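**Student:** Pasting in a structure now, in structure tokens, and then I'll have a few things to ask.
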Amino acid sequence: MDIFRTKSVEQSIRDTEAPEHRLRKQLTAIDLTVFGIGVIVGTGIFVLTGQVAKLTAGPAVALSFVVAAVVCGLAALCYAEFASTIPVAGSAYTFSFATLGEFPAWVIGWDLMLEMALAAAVVAVGWSGYFASLMESIGVSLPAWMAGETPVVNIPAMVVVAVLTVVLMAGIKLSSRVNLVIVIIKVAVILLVIVAGLFFVKTANYTPFIPEPVPTPAVEGLKAPLIQVIFGITPVSFGVIGIFSAAAIVFFAFIGFDIVATAAEETVKPQRDLPRGIIGSLVICTVLYVAVSLVVVGMQPYSELSVKAPLADAFTAVGQNWAATLISIGAIAGLTTVVMILMLGQSRVLFAMCRDGLLPRGLAKVSPRYGTPARLTLIIGVVSMLLAGFIPLGALAELVNIGTLFAFVVVSVGVIILRRTRPDLPRAFRTPMVPLLPILSVLACLYLMLNLPVETWLRFVIWMIIGAVLYFAYGYRHSRAQRAIEPLD
């Protein structure tokens, strides 16, 4: 039983040329960068900045964003090399198949399925909350059963997923245009908030920039971070250690740049444009995050920031109530593109797995009219609607984080392996300082994973066990590599 058989880069690229499985190449570097910004910039910029400043890092939260950006940047450089070398849909799944083998690739694909499906549903629920709040501000109250704290059926979340499913089915270019319009709106809101906030910044609020460290109460049981259970390290707020603890939290505001790589097959010049899209979106979002964090801690003493809506409340505290409505509009725009691009990424990963036979191959058919995997997109839309509409997802949200970090680790290891096994491959972009930089990426990601609660690790292990059972029950026997079938059905 050869579960570690690899799929050559050449075979991966040949598979993209089969007429019934060929995605349309319509994306440019600008489209990819805007996709990246669209999925990275969500509510984190409006909520997480002040929250972490108050509880963990103080005014030095800007440095926490820089640390998190460096960790993401290490992984982004690895993604950029893979995406330009193997410009095929599937992102980390496809990269793993070329380097580690079929079963590790399945594990990553299963992992990405968890990450993106849950994330899309969680974000859709967040979108519903902001939408209800905005309606309330203009005098329209939505019934509690459909949009309250604990709705029976979350109708707004289901509606936004349904609309975005239709947009995604209608073609990648339409999706990119819709994304561009919404990204322009939310970036404009963020820039306006930054500029307006500068008029209310008091330099005294930046002192001390790095507050004295304070031990936080030890969290016990399954809620405790794994690093605390293994090494007995009690988490610390503030001080230099607090900056790194905060980085483990704000890291999740950057999640999403890897989804740019899932659109590799639909990019006109992937070797050139994918690295630009991945790295460009990460740089732009880092600048926005650092600017917002410096403004919010400058407007109010960090100890007085609210935890629920720090940016909006900071403006309210200086008598600028208009900002709360503006921030709600920015958050709604932000979350709309996040949901759409998560679903886009999910469909392309499943498309690659179905094309390889690890899942039913019939689902990998591309719509002749729209040039998209319409069947898969519809299935993902329905599942995301049901998750967002009926299941309370708060407890599962952290699974998104561990899934992403695990994918980063595998991709970073894969770069080293492919350099050794296929040094002859043309690489339009080369990760610098291999193997040092990928090793640093692995260590940084593992450190952040250790900061996640024990219960998150347990849920992750259970999900992976379910995936392994499914692989041996279906995927292994139906794999194209196993059946040695060249033409696609």
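**Student:** Please report, in debye to the nearest 20, how large the charge dipole of the range 362-469 is about its Cα centre when each Lys and Arg carries +1 at its beta carbon and each Asp and Glu carries -1 there.
**Tutor:** The dipole magnitude comes to about 560 debye.
**Student:** Pick out, from Val260, Gly58, Leu274, the residue whose Cα sits farthest towards the positive end of the charge dipole of the chain, with +1 on the Cβ of Lys and Arg and -1 on the Cβ of Asp and Glu.
**Tutor:** Leu274
**Student:** Pull up all non-local amide H partners of Ser237: gap of 5 or more, or a different chain, and H-to-H distance under 5 Å with H placed in the peptide plane.
**Tutor:** Val214, Thr216
**Student:** With a Cα-only, solvent-free Debye model of the range 43-141, what are the log10 I(q)/I(0) values at q = 0.11, 0.19, 0.20 Å⁻¹?
**Tutor:** Values returned for q = 0.11, 0.19, 0.20 Å⁻¹ are -0.59, -1.04, -1.06.
**Student:** What does the charge dipole of the chain about its Cα centre add up to, to the nearest 20 debye, if the Cβ of each Lys and Arg holds +1 and the Cβ of each Asp and Glu holds -1? Don't jump to the answer; show the numbers that get you there.
**Tutor:** Numbers: 31 positive and 26 negative charges, 224 e Å.
The calculation lands at about 1080 debye.
**Student:** A further question on this structure: Please give the helix 454-470 orientation as an angle from the longest Cα principal axis of the chain, in degrees from 0 to 90, rounded to the nearest 10.
**Tutor:** So the inclination is approximately 20 degrees.
**Student:** Please name which of Met146, Ala105, Ala388 has its Cα lying farthest along the dipole of the chain towards the positive end, using unit charges on Cβ (Lys, Arg +1; Asp, Glu -1) and the Cα centre as origin.
**Tutor:** The one lying farthest along the dipole's positive direction is Ala105.
**Student:** Follow-up. Going by average Cβ density within 10 Å per residue, which order do the peptides 256-262, 306-312 take, highest to lowest?
**Tutor:** Ranked by mean Cβ neighbours within 10 Å, highest first: 256-262, 306-312.
**Student:** Could you tell me the distance between the Cα centroids of the range 361-379 and the range 1-36, to the nearest Å?
**Tutor:** One Cα centre to the other: 15 Å.
**Student:** Of the peptides 135-146, 191-202, how do they stack up when ordered by the mean number of other Cβ atoms within 10 Å, highest first?
**Tutor:** On the way: 135-146: 11.7, 191-202: 15.3.
The packing order, highest mean first, is 191-202, 135-146.
**Student:** Let me ask you something else. Over all distinct Cα pairs, what is the inverse of the mean 1/r for the chain, reported as the Kirkwood hydrodynamic radius in Å? Don't skip to the answer; put the middle values down first.
**Tutor:** Numbers: mean 1/r = 0.0437 Å⁻¹.
Across the chain, the inverse of the average 1/r is 22.9 Å.
**Student:** Divide the volume of the convex hull of the Cα atoms of the range 231-367 by its number of residues and quote the answer in cubic angstrom per residue.
**Tutor:** 195 Å³
**Student:** Sorted by mean Cβ packing within 10 Å, highest first, what order do the peptides 223-232, 96-105 take?
**Tutor:** Put in order of decreasing packing, that is 96-105, 223-232.
**Student:** Specify which residue in the list Leu305, Gln320, Val366 is farthest towards the positive end of the charge dipole of the range 267-394, using unit charges on the beta carbon of Lys, Arg (+1) and Asp, Glu (-1), about the Cα centre.
**Tutor:** Ranked along the dipole, the leading option is Val366.
**Student:** Something else now. Rounded to whole Å, give me the distance from the Cα center of the range 258-308 to that of the range 430-489.
**Tutor:** That distance is 25 Å.
**Student:** Past the 29 Å Cα-Cα mark, which pairs from Lys7/Lys223; Lys223/Lys308; Lys202/Lys308; Lys173/Lys365?
**Tutor:** Lys7/Lys223
**Student:** Given the rule -39500 (n - 2.57) for each run of at least 4 DSSP H residues, summed and divided by the residues of the chain, what is its mean residue ellipticity at 222 nm, to the nearest 500 deg cm²/dmol?
**Tutor:** -21000 deg cm²/dmol
Every number here is computed from the coordinates shown, using simple stated rules; none is lab data. Because the structure is predicted, anything quoted here is derived from the model rather than measured. Methodologically, a virtual Cβ is constructed for each residue, glycine included, from the backbone with ideal geometry; neighbour enumeration extends over all protein chains shown.
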